[in-house]
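What follows is a set of notes on a single structure, which appears directly below.
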2 protein chains.
Amino acid sequence: MTQLALFEKRIHEDIPLTRALGVRLNHWDGRVLVVSAPLAPNQNHQGTGFGGSVYSVAVTAAWGLTELALADLGLKGSVVVQNGTIDYREPVTTDFYALCRLPGDEIPERFRKSLARHGKGRLDLNVTVYLGEPTPEPTADPVALFHGRFVVRDVHSRLSL
Amino acid sequence: MTQLALFEKRIHEDIPLTRALGVRLNHWDGRVLVVSAPLAPNQNHQGTGFGGSVYSVAVTAAWGLTELALADLGLKGSVVVQNGTIDYREPVTTDFYALCRLPGDEIPERFRKSLARHGKGRLDLNVTVYLGEPTPEPTADPVALFHGRFVVRDVHSRLSL
């Protein structure tokens, strides 16, 4: 199994709602994570994407990106979301996907230093949501914009306190 | 069946994710709606409430309040969420519930006039999330705060355009 397939399995096991959402991890290249979901289980009363589902897929993309980027750096931390904001631009009329990119294509230096020095760091991440087939290079405009702040605590530092 | 039980049935049918969330409608008195969910299906990798689940229950409370308040006024409209923000204050360690209250305990006059004149109105709603047994009069501090903007379009006005 690839790193991404293993991580998808772990998410489905650890966060049962991601199974109900039908979340799939489609792409990870060290900078960009793409997470998709089918419309059917995520429909609302109007047959378009339920706002809670779209938010949930977006927050999964940002949280997942943080976990994967930490693992690539050989770091181990506990990642939790502190706040989230979503702006729904257009109705979600088809299967959809969320794309999260590391700011500046890498884990910020400030975040790494904070994690090393204080055992804690904050990451501000943007996620864009699109309709259709998942791709790391969308050409259409996003249907929703998510912003979230994530707090990472170094597991080892916490244990040594 | 009571109005609230019928509405719960409708939500479960129209928005399948609310069944996966285990959403129950507990209380509606014309001003306050209480919506609860069990922790088990909403756990994250740390055994506490998944951020996407907490957001989804909160947005269901605010959307549901808008639908119920419109019905009480004899109005029929389509309600969609335009944006949402959530601030996670404390980990969700037990079953939880979301409470939404009409601002000033009633549908604002400005909203009603806008809906009557333009066939469209906006409602800004706050939701507070608490741990434990659902009640319309919580005494503890909330574990999460949600704010959302909802757009209501009068179905009849739209049809007559």
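From other protein chains only, count the Cβ atoms within 10 Å of every residue's Cβ in B:42-49, then give the mean.
Values: counts 3, 4, 10, 10, 5, 1, 1, 1.
For this peptide, the per-residue mean of nearby foreign Cβ atoms is 4.
At a threshold of 8 angstrom on Cα-Cα distance, excluding pairs fewer than six apart, so keeping six or more, what relative contact order does chain B reach in percent? Kindly include the intermediate steps, with their values, before the conclusion.
On the way: 311 pairs, mean separation 41.0, N = 161.
After rounding, I find 25 percent.
In debye, nearest 20: dipole of the protein assembly as shown around its Cα centre with unit charges on the Cβ of K, R (+) and D, E (-)?
That gives a dipole near 400 debye.
In whole angstrom, and with the biggest value first, how far do the Cα coordinates of segment B:30-113 range along each principal axis?
47, 22, 22
Give me the base-10 log of I(q)/I(0) for segment B:1-54 at each q in 0.13, 0.26, 0.28 Å⁻¹, Debye formula, one uniform scatterer per Cα, rounded to two decimals.
For segment B:1-54, the Cα-only Debye profile gives -0.36, -1.02, -1.09.
For the protein assembly as shown, what does the helix formula give at 222 nm: sum of -39500 (n - 2.57) over DSSP H segments with n ≥ 4, over the residue count, nearest 500 deg cm²/dmol?
Only helices count here, giving -10500 deg cm²/dmol.
Find the Cα radius of gyration of the protein assembly as shown, compare it with 2.2 N^0.38 Å by division, and give the number to two decimals. Can you show the working numbers first?
Numbers: Rg = 19.9 Å, N = 322, 2.2 N^0.38 = 19.7 Å.
Cα Rg divided by the expected 2.2 N^0.38 Å: 1.01.
Return the single residue from B:Pro16, B:Pro91, B:Pro138 with maximal mean-square fluctuation; model: Gaussian network over chain B, springs between Cα atoms under 10 Å.
B:Pro16
How big is D, in µm² s⁻¹, for segment B:3-160 by Stokes-Einstein at 25 °C and 0.890 mPa s if Rh is the Kirkwood radius over C-alpha pairs?
On the way: Rh = 15.9 Å.
Translational D for this selection: 155 µm²/s.
So which residue, out of B:Ile86, B:Ile15, B:Ile107, gets the largest mean-square fluctuation from a GNM of chain B using Cα contacts under 10 Å as springs?
B:Ile15
In chain A, which whole DSSP H runs stretch at least 15 Å along their own axis (Cα) and average -0.5 or higher on the Kyte-Doolittle scale? Display every interim value, and only then the final one.
Values: long enough: A:3-14 (16 Å, -0.74); A:51-72 (32 Å, 0.89).
Helices meeting the span and hydropathy rule in chain A are A:51-72.
For segment B:3-160, with only Lys/Arg (+1) and Asp/Glu (-1) charged at the beta-carbon, what is the dipole magnitude about the Cα centre, in debye rounded to 20?
Details: 17 positive and 17 negative charges, 169 e Å.
Once rounded to the nearest 20, the dipole reads 800 debye.
Values quoted throughout were computed directly from the atomic coordinates according to the rules given, and no laboratory measurement underlies them. Quick caveat: nothing in here was measured; it's all calculated off a predicted structure. A quick note on method: Cβ atoms are made from the backbone with ideal geometry, for glycine too, and the neighbour counts reach across all protein chains shown.
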